[in-house]
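Participant: Just passing along the structure, written as structure tokens.
Computed from the coordinates by the stated procedures, all read-outs in this text should not be read as laboratory data. Since the model is a prediction, treat every value here as computed from it, not as a measurement. A quick note on method: Cβ atoms are made from the backbone with ideal geometry, for glycine too, and the neighbour counts reach across all protein chains shown.
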Amino acid sequence: MQISHAYTIVTCPGRNFVTLKIVTDEGAYGVGDATLNGRELAVKAYLDEHVIPCLIGRDPRNIEDTWQYLYRGAYWRRGPVTMAAISAVDMALWDLKGKLAGMPVYQLLGGRSRRGAMVYGHANGRDHAEAVEAVGRYIDQGFKAIRVQAGIPGLSKVYGVGSGSEAGGYEPAQKGLPPEEPWDTALYLRHTPELFRKVREKYGFDHHLLHDAHHRLTPIEAAQLGKSLEPYRLFWIEDATPAENQESFRLIRQHTTVPLAVGEVFNSIWDCKDLIREQLIDYIRTAIVHAGGITHVRRIADYASMYQVRTGFHGATDMSPVCMAAAINFDLWVPNFGIQELMPHTQETDAVFPHSYRFEDGYMVMDEVPGLGVDIDEKLAAQYPYDRAYLPVARLSDGTMWNW
Ligand code: EZ4
Ligand code: CO
């Protein structure tokens, strides 16, 4: 059996997605997500120009060897573009292997460890009242876990908070050049504890609450936030501080017992190693599409399990349903599962990527379908041409660039 051809498909049913399709000489195929938000065509070119020519003629069943070939063989290891491309190949090969075996990928990994994967949704509001109300809507839908973000008085726009009509959590792609958003840490630290006080006061303590600081804080500021949120018993604070310098998390840990999650921008086990080994985090958020596919993320999860660090994979709308399907297969198996992020894709996106996963009473479940249980409707995809879009950037009030 050989890979006879492979190609990338770019589509924009609301936001841009890059998909890799790998086809065998016997006509079987697998799909992989290759989407890197705001840098989509770099991954497409990496695949088209450099990876696909090396895939032709290979035995698609040798997933591990192909992974090592693309990782070691590039000489230039790691980085988001390289790793997104490797992830796409890896996902497509697992999908294909599942189809060949007539089994879901979670069966190939070792079978089900649970009935469904607990997910958290995004409740947000332009002010506290709107955010508190949004939490109620998620509770009504059956969510067991809810991320809460709110606008900050004095700031015109805040990460994670759409305009009113987007209160359901859809995060729009940003057309044109990167939009600029203001940031002020002092205001954020002053108002955030109050938001969680109000949510707990209204709904009690029966639901898990999460919060994303989105890399905005220094370690000591993150420690302050953690201490101030302790009374509200959060499931986690995410991306409390940027993690290029992994030892930053030591300082946060010395001061607060709030659980910490990090890793949505990580692209290999090396980004996680010290954080996990020193038990500086509680949840690892690597996405299957950005951290080397199922093959590599499994290595990360196994390493994390030695230190009682659990998974909490990134699941925002800029990962396509192909990545979501891979994540849910993984979540159903992985012994040290924590939680899965869930943001609803647009109806247009769901139509381009027919899938078998679905939300049921706070969990993602999926049927016993071969492979990843997701596909791409190429005809429909062709109706949505690529439309360049960027993530926003953040600036302090004096104009200084900050972390978005
Ligand atoms: O900003 O996926 O937890 N979720 C997030 C996301 C990220 C986007 C970046 O592409 O932080 O909303
Ligand atoms: Co995040």
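Participant: How big is the dipole moment of the stretch 1-115 about its Cα centre under a simple scheme where the beta carbon of each Lys and Arg is +1, that of each Asp and Glu is -1, and everything else is neutral? Debye, nearest 20, please.
Facilitator: 520
Participant: Amide H to amide H, which residues 5 or more places from LYS144 or on other chains are under 5 Å from it, using H placed in the peptide plane?
Facilitator: Hits under the 5 Å cutoff: VAL119.
Participant: If you place +1 on the Cβ of every Lys and Arg, -1 on the Cβ of every Asp and Glu, and leave all else neutral, what size is the dipole of the stretch 199-355 about its Cα centre, to the nearest 20 Debye?
Facilitator: 420
Participant: Right, here's the next one. Counting residues in the stretch 139-281 as N, plug N into 2.2 N^0.38 Å and put the Cα Rg over that result.
Facilitator: In units of the globular-protein estimate, the stretch 139-281 measures up at 1.09.
Participant: Please report the antiparallel percentage of the DSSP beta bridges confined to the chain, to the nearest 5.
Facilitator: Antiparallel: roughly 45 percent of the beta bridges in the chain.
Participant: Rounded to whole Hz and in sequence order, give me ³J(HN,Hα) for the stretch 219-230 from the Karplus expression 6.51 cos²θ - 1.76 cosθ + 1.60, θ = phi - 60°, writing x for Gly and Pro.
Facilitator: Going residue by residue, I get x, 6, 5, 5, 4, 4, 4, x, 4, 6, 9, 3 Hz, with x marking Gly and Pro.
Participant: Residue by residue through the stretch 304-321, which ³J(HN,Hα) values in whole Hz follow from phi under the Karplus form 6.51 cos²θ - 1.76 cosθ + 1.60 (θ = phi - 60°), with glycine and proline marked x?
Facilitator: Running phi through 6.51 cos²θ - 1.76 cosθ + 1.60 with θ = phi - 60° gives 4, 5, 5, 10, 6, 8, 10, 7, x, 5, 4, x, 6, 6, 8, 9, 6, x Hz.
Participant: With +1 on the Cβ of every Lys and Arg and -1 on the Cβ of every Asp and Glu, and nothing else charged, how large is the dipole of the chain about its Cα centre, in debye rounded to the nearest 20?
Facilitator: Magnitude of the dipole: close to 680 debye.
Participant: Computed over the Cα atoms of the chain, what is the ratio Rg over Rh, Rh following Kirkwood?
Facilitator: 0.96
Participant: Roughly how many whole Å is it from the C-alpha centroid of the stretch 360-376 to that of the stretch 270-340?
Facilitator: When both Cα centres are located, 18 Å separates them.
Participant: Arrange PHE266, PHE359 by Cβ neighbour counts within 10 Å, fewest through most, would you?
Facilitator: PHE359, PHE266
Participant: In the stretch 267-359, which GluC sites (Glu not before Pro) fall in coil by DSSP and have 16 or fewer other Cβ atoms within 10 Å?
Facilitator: Sparse-neighbourhood loop GluC sites (Glu not before Pro): GLU278.
Participant: How far apart, in nanometres, would the label points at GLU230 and ALA351 be if each is projected 7 angstrom from Cα along the Cα-to-Cβ direction?
Facilitator: 5.2
Participant: Answer with one residue from LEU47, ALA6, PRO193: the one whose Cα lies farthest towards the positive end of the charge dipole of the chain, charges on Cβ with Lys, Arg +1 and Asp, Glu -1.
Facilitator: After comparing all options, I get PRO193.
Participant: Next question, about the same structure. Amide H neighbours of GLY371 under 5 Å, at least 5 residues apart or on other chains, H built in the peptide plane: list them.
Facilitator: For GLY371, the qualifying residues are GLY98, LYS99, MET103, VAL105.
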